[in-house]
Amino acid sequence: MFSWKHQQQNTINGDDPNNKFTKLIKCLLFPSKWRILAHQVLPEFCLQVLNITNIIEIAGLDQFAELVAEEFTKRLKPTETIAYDDFFQTLLDRCPEFIDKTNGKTLDQQWMTKEEVMANMFALFDGGFVGHYTSMTFLIYELAINTDCQQKLYDELINSNCFVDSRLNGQFDWETVGKLDYLNACLSESLRLHSAINRDGRLANQDYTDETTGLTIKKGQEIQLSHSAVQQCPDYYRMPDQFIPDRFVKHNKHQLVDSAYLPFGLGRRMCPGYKFALMAIKLTMAHLLIRYNT
């Protein structure tokens, strides 16, 4: 899809094949293609016989559980003086087992068990990784088939004043990436066409009747909202099936319809890590495109 422009570095930080975390990533998030195929074509009784009850191997889940347990134990140590401010700590602060051993608080309500903390960590870990590489894949695909957009983005990167001696010596930081308007537009347009999460579900907690249509939603019914149906609706986007990043550049944003762009959801329950995900993808793409072209 892309050709080398520069020789890639032989060593990448954190790419040690013997590293525990690297092994976990490969085992947990890159299941065997044969395992995936078996889940798609074989009946359930065959899967039971072959002991393939999940796409993810049990060994990977066990390794993840061990990793979380190690971090749990580390933060319980009396000698631990670091004040953590992360998602894991937020979960632990609602876990009676953790709180009881740290400050002796008594809880009068049902909070999270240690297993629920672990399950939420896995959901965050899996969702963040899958969403990241899925979004990256589609963006690379769109730039590969829209070479004019790729060239325009490449020119923006080259003119971003990040490079002193050579293209590979430059560093993209948070502030610089935030100023790359066309990179943001390309990513936004790719997410519009290929949302990593295609639908949101909500459960009605009371009866509701829409005044316009007369449709009544009963309490307990689930409502499904399709992202692609909204983001590729011709009522909201001109030529919705085409990759047109210019619709998201700053001087055109006033033409966008509110709430018609929701790759990360909307409201209080939208993805809590969407800002981090966007910045991670932008940084990765900036370094990737500076080394490749069609």
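Pairs over the 26 Å Cα-Cα cut-off, from the set K152/K282; K250/K282; K23/K152; K26/K152; K33/K74: K23/K152; K26/K152; K33/K74. For region 218-225, putting each phi into the Karplus relation 6.51 cos²θ - 1.76 cosθ + 1.60 with θ = phi - 60° gives couplings of 7, 4, x, 6, 9, 10, 10, 10 Hz, in residue order, rounded to whole numbers and with x for Gly and Pro. Using θ = phi - 60° in the Karplus curve 6.51 cos²θ - 1.76 cosθ + 1.60, the 3J(HN,Hα) couplings for region 66-76 round to 5, 5, 5, 5, 4, 5, 4, 5, 4, 6, 7 Hz; x is entered for Gly and Pro.
Taking 0.36 nm per residue of sequence separation and removing the Cα-Cα distance, the K77/K152 pair yields an extension gain of 21.7 nm. Computed from the C-alpha gyration tensor, the three semi-axes of the ellipsoid equivalent to region 142-294 are 37, 17, 12 Å, from longest to shortest.
No lab work stands behind these numbers, since they all come straight from the coordinates. All values reported here derive from a predicted model rather than from experimental measurement.
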